[in-house]
Amino acid sequence: MKQTTAKARPLKIVVGFVISIAAAATGAWAGYDNAKGLIRGGDSIFDTFKETESGWLFSDDIGSSNASLLERARIAVGGPLGLSSSEVLYFIALNDSEGRRLTSSCSYVVTGVPIDTRWWSLTLYDSSTQNYVENTQNRSSWNSAVLPKRKDGSWQIIVSAQSSEGNWLPSQKIADQPFELNLRTYNPSDKTRQAAPDIALPIVERTGC
């Protein structure tokens with residue numbers, strides 16, 4: 001009996017070791033899963049953004065030391081690398097001018113006026129993937145360098161899943177897919193930066209569904 005017990009001890013040690021490794025792995029996975037859920041799920045990455053009078057969301061903490069670790073993680077997961085407000089001001093539109101969620105089932109006209117900044121771009125992202133929307137035009141954005149403007153400097157962009165004449169920005173072909181518009185103003189003037197977010201931002205009007 002003593003010999004059998006002695007032989008059984010190494011087996012018990014191995015089994016105990018395997019159980020310990022499994023428990024550690026399970027705990028690590030649970031921790032990872034909880035962290036992923038905290039970053040991706042529950043609160044939106046835009047929860048800490050301020051809403052402007054025109055409905056755009058704004059944060060000057062992106063890319064700065066003021067952003068919390070959770071905010072930095074959410075931005076890293078949910079969007080491209082964020083630069084500080086001294087370089088770029090970010091504005092996000094999730095809804096139209098009447099507070100209705102932007103969706104691929106509807107068409108919109110985005111109307112803007114000149115912004116005192118070196119360069120700006122308006123980009124459309126699929127809200128569920130945070131990726132560009134594939135389309136035959138290979139266009140995911142318009143920017144101030146190429147967008148045709150009126151004599152007074154104002155401009156319009158048509159956002160729709162259906163091909164449109166003019167400055168068309170395609171949304172998803174699949175119905176009822178939420179999307180967001182990201183306005184980036186690069187190297188804004190001191191006046192623009194100090195006034196943000198209270199500057200003249202584009203108006204997003206729904207034209208049909």
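Taking 0.36 nm per residue of separation and subtracting the Cα-Cα distance, full extension of the segment from R101 to S154 would add 16.6 nm. Distant-in-sequence amide contacts of V88, defined by a placed amide H-H separation under 5 Å and a gap of 5 or more residues or a different chain, comprise N187. On full extension of the chain, what length is gained from E87 through S189, given 0.36 nm per residue of separation minus the C-alpha to C-alpha distance? Roughly 35.7 nm would be gained on extension.
Tell me the net charge near I157. Cut-off is 12 Å between Cβ atoms, I157 excluded, with +1 for each Lys or Arg and -1 for each Asp or Glu. Taking every other residue near I157 into account, the sum is +1.
Placing a label point 7 Å from the Cα of S127 along the Cα-to-Cβ direction, the residues of segment 92-116 whose backbone N falls under 20 Å of that point are 92-111.
Every number in this text was worked out from the coordinates using simple rules, so none of it is lab data. Please read these numbers as outputs of a predicted model, since none were measured by experiment. Please note: Cβ atoms are built from the backbone with ideal geometry, for glycine as well, and neighbour counts cover all protein chains shown.
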